[in-house]
Structures are given as structure tokens and as C-alpha cells.
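I have placed the structure first, in the form of C-alpha cells, so that the comments after it can refer back to it.
The values are calculated or read from the model by the stated rules, or taken from the named source; none is laboratory data. Being a predicted model, the structure only gives us computed values, none of them experimental. Quick reminder, even Gly has a Cβ in these numbers, built from the backbone with ideal geometry, and neighbours come from all protein chains shown. Side chains included, ligands, DNA and RNA excluded: accessible areas come from the protein's heavy atoms. Shrake-Rupley method; radii C 1.70, N 1.55, O 1.52, S 1.80 Å.
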Amino acid sequence: MKALLLEFLFSIRDSVRDLLPIVAVVAFFQLLVLQQPLPNLGRILYGTIMVVLGLTLFIRGLEMGLFPIGEAMAHGFARKGSVIWLLVFAFALGFSTTVAEPALIAIAGEAAKVAAEGGVIVDSEASRSGYAQGLRITVALSVGVAIVLGVLRIIKGWPVQWFMIGGYIGVVVMTAFAPPEIIGIAYDSGGVTTSTVTVPLVTALGIGLASSIKGRNPMIDGFGLIAFASLTPMIFVMAYGMIV
């Protein structure tokens with residue numbers, strides 16, 4: 001119990017250290033450049049404490065829960081020797097974690113609102129909801145496909161750079177034909193998918209799988225799944241915009 005408490009206190013110390021640069025930047029510009037006192041100082045301090053505690057608990061949760069279970073499942077599928085079930089699991093993992101991403105939910109809702117205001121879609125609750133839901137499903141499908149490709153790459157030992165080069169060539173080509181209204185959203189979709197829910201599980205899957213396959217190096221083959229998850233949403237969302 002004492003050891004766990006010490007680990008938690010050390011984690012809090014690390015979180016405070018990580019957040020200090022942000023606090024310093026805000027304080028510098030607020031007090032020295034704008035020369036204004038911080039508004040609602042009490043609420044800001046309370047919020048900062050909540051952020052420190054939340055970040056600490058989140059990181060501890062990743063280390064104790066998500067990373068181990070992701071690696072354990074990858075080892076289990078490798079021992080089972082069923083490539084089909086592994087690919088099904090990879091797709092389901094990519095799809096489900098992306099649908100649950102708070103950042104994606106936020107940007108899809110904002111994109112639907114802007115699309116309605118700009119006359120791209122009908123300005124109604126049902127239309128905005130349908131547009132946002134379609135965008136989320138499209139991105140989730142793209143990440144599911146990306147994780148499947150990444151898992152196949154690990155199994156086969158294919159170099160990651162050729163996939164990335166080909167993918168970005170496809171993005172550049174599609175940018176020339178996609179509606180201008182969807183291009184920015186497509187590029188942002190590649191970033192919001194790699195957030196708090198998706199990254200830990202997907203990374204653990206890649207490392208665990210590479211560690212379980214003879215001849216694979218976790219440093220070389222285990223990483224790269226997140227790059228796939230960032231690339232494919234741009235392609236899928238631009239295709240979504242061209243169709244819808």
C-alpha cells in the first residue's frame with residue numbers, strides 16, 4: 001500500500017512538472033504582456049488541480065490497464081495462430097476506439113454546424129446530426145481499415161515507409177478533386193483520431209504483436225499503426241465529401 005502511494009505521489013510530481021511550461025506561458029503573457037490579473041483565480045487554481053489529478057490518474061490507468069491488456073490480447077491472438085480473428089479484432093478495435101474519441105465527437109459536431117451555416121447541408125437538427133454521425137462512422141471505418149493494414153504489415157514484415165508514401169500521394173491526388181469544404185475537415189480528422197482512447201490500445205496491440213512474432217523487432221515493426229490511423233481518415237473523409 002505504501003509503495004502504491006509513493007508511486008502515485010511520484011506520478012503527481014511528474015504531472016506537475018509536465019504542466020509547468022503551460023502554466024508559465026499563460027502567466028507570462030497574461031501578467032507581463034497583457035498586464036492584466038488572472039480572471040477567476042480561484043476557479044483557475046481549482047481547475048489546474050483537477051487537471052493534475054486527472055492527468056495523473058489517466059497515465060496510471062494506461063500503465064496499469066490499457067497497455068497490459070492490449071499487449072496480452074496481441075500475444076493471445078499470436079499464440080492462437082488465427083490470422084482471420086486477429087484481423088477482425090484489429091478492425092473492431094480501431095472502429096470502436098475511434099467512435100468513442102471525444103475529440104472526434106467534438107469536431108464532427110462542429111463540422112456539421114459549420115456545414116449547415118454555410119449551406120452545404122440543410123440547417124436542421126436531423127441534418128446536422130446525420131452529417132456528424134456519417135462523418136464519425138466514416139473516420140471510424142477508416143481507422144479500422146488502417147489497423148488491419150498495419151497488422152498485416154507487421155505479420156508480413158513489409159516496410160512502413162512504402163505504405164506512407166503511397167498513402168500521402170493518394171491524399172494529394174484526392175485533394176485536387178475533393179470539395180473545398182471537406183478538405184480541411186479531412187486533414188483535421190487524421191489528427192483527432194490519434195487521441196486519448198485510440199493511441200494506448202493501438203500502440204499496445206502493435207508492440208505486443210511484434211513481440212510475439214519470431215523475427216519481428218518491436219522497435220522496427222511494433223510502431224507505425226498510429227501513422228496508418230492518421231493517414232486513412234484523410235482519404236476516407238475526402239471520399240465521403242465527394243459522395244455526400
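Cross-link candidates for K156: which aspartates and glutamates have Cα within less than 13 Å, leaving aside residues fewer than 8 places away along the same chain?
Correct list for K156: D221.
Ignoring ligands and nucleic acids, what accessible area does F8 show with a 1.4 Å probe (Å², nearest 10)?
Surface accessible to solvent at F8 totals approximately 60 Å².
Dipole size in debye (nearest 20) for the chain around its Cα centre, Lys and Arg Cβ +1, Asp and Glu Cβ -1?
760
Between rounded, prolate and oblate, where does the stretch 112-227 land on the alpha carbon gyration tensor, with a ≥ b ≥ c its root eigenvalues, rounded for a/c under 1.5, else prolate if a/b exceeds b/c?
Note, shape of the stretch 112-227 comes out prolate.
Can you tell me which of 24-32, 97-105, 230-238, 12-20 comes out highest on packing, and rank the rest after it, using the mean Cβ neighbours within 10 Å?
The packing order, highest mean first, is 230-238, 97-105, 12-20, 24-32.
Using each residue's phi in the stretch 81-88, evaluate 6.51 cos²θ - 1.76 cosθ + 1.60 at θ = phi - 60° and report the 3J(HN,Hα) Karplus result to the nearest Hz, with x for Gly and Pro.
So the J values, rounded to whole Hz, are x, 9, 5, 4, 5, 5, 5, 4.
Once a ≥ b ≥ c are taken as the square roots of the eigenvalues of the Cα gyration tensor of the stretch 1-135, is the result rounded (a/c under 1.5), prolate (a/b larger than b/c) or oblate (a/b not larger than b/c)?
Taking the square roots of the gyration eigenvalues as a ≥ b ≥ c, the stretch 1-135 is oblate.
Measuring from label point to label point, each 7 Å out along Cα→Cβ, what is the L5 to L57 span in nm?
Modelled inter-label distance: 1.9 nm.
Do any chymotrypsin sites (Phe, Trp or Tyr not before Pro) in the stretch 152-201 lie in a DSSP loop with no more than 10 other beta carbon atoms within 10 Å, and if so, which?
F177
Assuming R0 = 45 Å, what is the FRET efficiency of I220 and M50, from their Cβ-Cβ distance, to the nearest 0.05?
Once the sixth-power term is evaluated, E becomes 0.70.
Give me a comma-separated list of calculated 3J(HN,Hα) values for the stretch 118-125, in order, Karplus coefficients 6.51, -1.76, 1.60 applied at θ = phi - 60°, integers in Hz, x for any Gly or Pro.
Once θ is set to phi - 60°, the couplings for the stretch 118-125 become x, x, 6, 10, 5, 7, 9, 4 Hz.
Of the listed peptides 44-56, 208-220, 191-203, what is their order by residue-averaged count of other C-beta atoms within 10 Å, with the highest listed first?
191-203, 208-220, 44-56
Amide H to amide H, which residues 5 or more places from I121 or on other chains are under 5 Å from it, using H placed in the peptide plane?
Answer set, sorted by chain and number: A116.
So what is the 222 nm mean residue ellipticity for the chain from helices alone, if each DSSP H run of at least 4 adds -39500 (n - 2.57) and you divide by all residues, rounding to the nearest 500 deg cm²/dmol?
It lands at -26500 deg cm²/dmol.
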